[in-house]
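A short write-up of the structure that comes next.
The values are calculated or read from the model by the stated rules, or taken from the named source; none is laboratory data. From a predicted model like this one, the values you see are computed outputs, not experimental measurements. Neighbour counts run over all protein chains shown; Cβ positions are idealised from the backbone, glycine included. Remember, those area values only see protein heavy atoms, side chains included, never the ligands or the DNA or RNA. Shrake-Rupley method; radii C 1.70, N 1.55, O 1.52, S 1.80 Å.
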Amino acid sequence: MSDEAPTNAPLTVPVLDPAAVGAKLGATDYPEPFRAAVAGRLRKRLGNPLGITNFGVNLTRLEPGAASALRHWHTRQDEFVYVLEGELTLVTDAGETVLRPGMCAGFPAGRPDGHQLVNRTDEPATYLEVGDRTAGDEAHYPDEDLRYDSVTDLFTHRDGTPW
């Protein structure tokens, strides 16, 4: 008797094959003119179909030249990324760091250090992104006249004027 499950056994929650999850290319709630920055981002939300509600888990692929997001930081939510394939450049207030497979980075809530990942290579790169869903979060974009408030679900200019 074998201890191995048959390779053709159907998968049921809590198991999920990421290949079965729909992906959104370039999907963002950013107002224009900011949407182009993430046009080459392909994101699969893995936590939602598994019923995960306290944090998000995304499998994200960046095409050459694409960015994960505008450079940003969160007031209440933590973020963590783990590189699976390819090479990504992490851009923060301190400068740039190349991340390769097996490397990770974390962004604690309330630390005003804008960050983003950019694929500056000629090959796609894939990473796992984990972030919590603490209520009352704001996202700040230090390079742009942009702010996001999760309570109102609105993007505004820094002065509070809606986009």
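Of note:
- Filter pass, Thr97 being of a type outside the set (Asp, Glu), free of Cβ contacts under 8 Å to residues at least 24 places away in the same chain and either in a loop (DSSP other than H, G, I, E, B) or within 25 Å of Glu63 (Cα to Cα) (or both): yes
- Annotation: of all residues in the stretch 120-132 being of a type in the set (Asp, Glu) and not in a strand (DSSP E or B), the one that is surrounded by the fewest Cβ atoms within 10 Å (Cβ to Cβ) is Asp122.
- Scanning the stretch 133-151 for residues that are free of Cβ contacts under 8 Å to residues at least 60 places away in the same chain and open to solvent by 80 Å² or more (accessible area, probe 1.4 Å) yields one hit, Val151.
- Every residue from the stretch 60-94 that is in contact (Cβ under 8 Å) with a residue 24 or more places away in the chain and among the β-branched types (Val, Ile, Thr): Thr60, Thr75, Val81, Val83, Thr89, Val91
- The stretch 1-86 holds strands (runs of 3 or more DSSP E) entirely within its bounds, and those carrying 2 or more residues that are modelled with pLDDT of 95 or more and among the aromatic types (Phe, Trp, Tyr) map to 79-85.
- Test result for His157, farther than 23 Å from Lys44 by Cα, in contact with an Asp or Glu (Cβ under 9 Å, 6 or more places away or on another chain), of a type outside the set (Gly, Ala, Ser) and open to solvent by less than 50 Å² (accessible area, probe 1.4 Å): yes
- Verdict on Ala105 being surrounded by fewer than 16 Cβ atoms within 10 Å (Cβ to Cβ), touching a residue at least 24 places away in the same chain (Cβ under 8 Å) and not β-branched (Val, Ile, Thr): no
- Residues within the stretch 9-42 that are closer than 19 Å to Asp153 by Cβ and either surrounded by 13 or more Cβ atoms within 10 Å (Cβ to Cβ) or in contact with a strand residue (DSSP E or B) (Cβ under 9 Å, 6 or more places away or on another chain) (or both), tallied: 9
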